[in-house]
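Let me begin by presenting the structure, written as structure tokens, before commenting on it.
The values are calculated or read from the model by the stated rules, or taken from the named source; none is laboratory data. On a predicted model such as this, the values are computed, not experimentally measured, just so you know. No Cβ is skipped: glycine too gets one built from the backbone with ideal geometry, and neighbour counts run over all protein chains shown. Just the protein is used for accessible areas: all its heavy atoms, side chains included, with ligands, DNA and RNA removed. Shrake-Rupley method; radii C 1.70, N 1.55, O 1.52, S 1.80 Å.
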Amino acid sequence: MNKHLDFIEQARQVLTTEMQAIQVAADRIDGQFSQAIETILTMKGRLILTGMGKPGYIARKIAATLMSTGTPAYYLHPAEGSHGDLGMITPHDVVIALSNSGETPEIINILPAIRRIGAQIIALCGNTHSTLAQYSDITLDASVDKEACPLDLAPTSSTTVALALGDALAVVLMQSRQFTANDFALFHPGGALGRKLLLTVEHVMHSGEQNPLVTPENSIADALFVMTDKGFGATSVIDSAGKLIGLITDGDIRRHLAQDTQILHQPVASVMTRNPLAVHHDKLAAEAISLMENHQPKPITVLPVINDESEVVGILHITDLMKGFL
């Protein structure tokens, strides 16, 4: 009996410790938070969340909450970012980086590149004097006096505070955009008969002059120019009949450049991914999102669009799909 009472008391102590940490964080909310809201509301690009380890899981959840409450956002794995995925960040984007210490190597490694790209950085960290805070335009203080873990080691109070601050951002943004219950229903099963079920890939894809295309004989340098011009970080590879035969991304090129700096004059066929995943233009947008998020070994952000003859008629970016549901 006493053992069970101990369990109950220990559990209550954990919740009390985390509750107190959230209260302290609430008392610290200041002009930096307001500045973060204004920055996100006025950004012309996309909101990107990044974090490593357990803060990475918190970043994913914050991104999901933002998306379901009217702020298009997506998660970028910092380790993948340093191997080519940073090519998806533009100067118009805002990056929210989560790290309790503010010294997480995978996060610190990508900060100089994000700075060079020109995106704004919001730090959500537990050390306002850390490297992450110094690199950031705005710092949200997520520090805690102690973790709920009795060893003061496992992220518990710190991840709870980070998640709560993320929820605060999402809700304030939601209210600022006058996001209604009807809007919310479009993102959830209760609104499944609404626009979410009616929106097709064709409604949100980029086609015509916006659709990046190269042939397998084009050089890798040519592909880079097309990617830069169209701004998707990828281009479909088509044959003489316009049918899809491959896909090449800026991440592919960066990885090959690391091994051979002379590859820019080689043909696209030498590095492209053959027979890539694609989606038909008449499929539901919700199906396209599922394809991209559940792709193995990791989710993808760009998807070629084909017609019944396998001709490439457009390209999709994950953020276009999210915006399509707004």
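Observations, loosely collected:
- Between the listed residues S157, I62, A286, the Cα displaced farthest toward the positive end of the dipole of the chain, a dipole computed from Cβ unit charges relative to the Cα centre, is found at S157.
- From largest to smallest, the equivalent ellipsoid semi-axes obtained for segment 208-326 from the alpha-carbon gyration tensor read 24, 16, 13 Å.
- The residues of the chain expose, per residue, 50 Å² of accessible area to a 1.4 Å probe.
- Global geometry of segment 70-179, whether rounded, prolate or oblate, following the gyration tensor of its Cα atoms and the 1.5 cut on a/c: oblate
- Here the Kirkwood formula puts the hydrodynamic radius of segment 1-117 at 16.4 Å, using every distinct Cα pair.
- Our analysis of the chain gives Rg over Rh at 1.03, with the two radii drawn from alpha carbon positions and Rh computed by the Kirkwood formula.
- Segment 226-326 - percent of accessible surface contributed by carbon and sulfur, probe 1.4 Å: 52 percent
- Apportionment of accessible area to carbon and sulfur, segment 1-114, percent (1.4 Å): 58 percent
- Charged side chains reduced to their Cβ positions (Lys and Arg at +1, Asp and Glu at -1) give the chain a dipole of some 320 debye around its Cα centre.
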